[in-house]
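Taking it in order: structure first as structure tokens, then the write-up.
The values are calculated or read from the model by the stated rules, or taken from the named source; none is laboratory data. What you see is a predicted model, and the numbers here were worked out from it, not measured in a lab. Cβ placement follows ideal geometry from the backbone for every residue including glycine, while neighbour counts extend to all protein chains displayed. All accessible areas refer to the heavy atoms of the entire protein, side chains included, with ligands and DNA or RNA removed. Shrake-Rupley method; radii C 1.70, N 1.55, O 1.52, S 1.80 Å.
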Amino acid sequence: MSCRPSSQTKLPESEFVYKEFQNPDRDRAMTGTFQQGFAWGAATAAYQIEGAWDEDGKGASIWDTFSHHEGNIYGNHNGDIACDSYHKIYQDVELMKQLGLTHYRFSISWPRILPDGTSKTINQAGIDYYRELIDALLEANIKPMVTLYHWDLPQALQDIGGWENDMIVVYFNQYADVCFREFGDKVKLWITFNEPSEFIKEGYETGCLAPGLKHQGTSVYRVAHNVLLSHGTAWRTYDNKYRASQKGMVGICLVCNWAIPYSNSKEDVDATERFIMFMFGWFANPIFGSGDYPEAMKQQVMMKSREQGLTSSRLPDFNEEEKSLILGTMDFLGLNYYTTKRVRHLASPTYPASLDADQDLHCTYDDDWPTSGSTWLRPVPWGFRELLRWVKNKYNNPPIYITENGFSDPNLESEGYPNLDDICRSKYIRSHINELLKAYIMDDVDIRGYMTWSLTDNFEWCDGYSSKFGLYHVDFTDPSRPRTPKTSVKTYRQIVKDNGFL
Ligand code: GBH
């Protein structure tokens, strides 16, 4: 394994960051800098860091319910306290100052400000908490980038069907409106949703994420439809009511793997395209592409639905009104990139119907790609540049913020974690930002900023606290949750300071 801890604190001097990737034309590190005003940040999410799950009038979220249910999360961990960031505004801002960040991406907990999900009751203590955080950031010269939905739906709304209930469009819009009104004088970068493909698939079909439903086949597409309508409606609320006075931007975060075909066969090449369309085009095309679901997706789900004896596709159609509500509702794309896959065509059985089965493909990686603490995460820096180039060409050069990119430490609990000398994370950060620089300088991609995931170790969803993505270590056994810098803090701080690589 390429990623053992070592006493070596310096990065290899070589111009190749990974010994696994030494193709001179592709992998050689370059020097150069980003434009002035480039956004350098770190990202977090409310449920993963805040704790204070039932304090000061906060309502329960689906993550409170899900994590309190035995057997859902590794070690039955939960986010009741997490990093206790609810009580540690100034400590966290201090960490950002040490890194020299210009931006901080965090999310608002919907039930912390609207305990039953609707704007009938506003929890002033919740508003005050986010105001204090925003003021502390601005005081430190750090601009907030705020995600409205990073997966913690108010439980009260789940009780009436959550994202499966069409009424959610109205409630999400109420929530967004409250946030724009209360915080929009100081927040200029908004994100409606974080990774819809992920929370929809894992929340409504595999059941791995909250609300833990296993409604196979149809639900995911209905839910996505409602999420797209919610996004479009909230963007239009900002556009109509707030943009003129507040002068901010509203975008959405989509996660996308880069993917390469297993072989040169047409079947594998088509499967690779399908993979990206089901992960990214599902949301990108209606919002800033064709204005409809991707053709490959429509054909595939129709074909499967027919095989299953249905008269219409499980993928809903947009009517014209919906299409024009959604199309063009994006001021910037938030792109989350972690890894690359190798994709092969593989026909799935007719039953059971599922988002996975609809795709007729199988994903792998190359065994010689470097590893991490997560089975799904193989660092493939060159895939990052490929993805950026592809997005630019396919979607007419949208403005892009990298809203997440990060690395999980190899699992070292049995070997005496913490390992603060996280040279693997340093390599990951350095190589990925270097590929980003190539995309900016050589491919002319419109890149506005980079947020690393994550500021601190935190509650990594179903992996609980066993998975470590932080630049700062957090001791979760200590009630005061002390933060300690890992080696990667130095690496990232230097890149931020140089605005690239000198
Ligand atoms: C992000 O999700 C989340 O936004 C963030 O909250 C989380 O903490 C962070 O990443 C780290 O996980 O690659 O096809 O095998 C990205 C989560 C999880 C998306 C694994 C892809 C595996 C599917 N990724 N998932 S695949």
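General remarks:
- Check on S61, surrounded by fewer than 17 Cβ atoms within 10 Å (Cβ to Cβ) and among the hydroxyl-bearing types (S, T, Y): no
- Residues in the stretch 460-484 that are of a type in the set (S, T, N, Q) and either away from the ligand (no atom under 16 Å from the Cβ) or part of a loop (DSSP other than H, G, I, E, B) (or both): S467, T477, S480, T484.
- Those residues of the stretch 265-282 which are under 25 Å from P379 (Cβ atoms) and either assigned to a loop (DSSP other than H, G, I, E, B) or within 16 Å of the ligand (Cβ to nearest atom) (or both), in sequence order: A271, T272, E273, R274, F275, I276, M277, F278, M279, F280, G281
- Qualifying residue in the stretch 114-125 (condition: within 20 Å of the chain's Cα centre (by Cα) and at negative phi): no
- All of K58, K88, K19, K97 fail the test of being at pLDDT below 95 and of a type outside the set (V, I, T), apart from K19.
- Residue within the stretch 348-366 that is open to solvent by 30 Å² or more (accessible area, probe 1.4 Å), on the phi > 0 side of the Ramachandran plot and more than 16 Å from the ligand (Cβ to nearest atom) present: no
- Exactly one residue out of D498, D446, D457 is modelled with pLDDT of 95 or more, of a type in the set (D, E, K, R), out of contact with any helix residue (DSSP H, G or I) (no Cβ under 6 Å at 6 or more places or on another chain) and within 16 Å of the ligand (Cβ to nearest atom): that is D457.
- Set L327, L315, L335: member being crowded, with 17+ Cβ neighbours inside 10 Å, under 16 Å from W282 (Cβ atoms) and within 16 Å of the ligand (Cβ to nearest atom): L335
- Residues of the stretch 289-303 that are crowded, with 23+ Cβ neighbours inside 10 Å and in contact (Cβ under 8 Å) with a residue 40 or more places away in the chain: V301 alone.
- In the stretch 274-292, the residues that are farther than 16 Å from S354 by Cβ and either within 21 Å of the chain's Cα centre (by Cα) or of a type in the set (A, V, I, L, M, F, W, C) (or both): I276, M277, F280, G281, F283, A284, N285, P286, I287, F288, G289
- Residue in the stretch 367-385 that is more than 30 Å from Y465 (Cα to Cα), among the acidic types (D, E) and either touching a residue at least 24 places away in the same chain (Cβ under 8 Å) or touching a helix residue (DSSP H, G or I) at 6+ places or on another chain (Cβ under 8 Å) (or both) present: no
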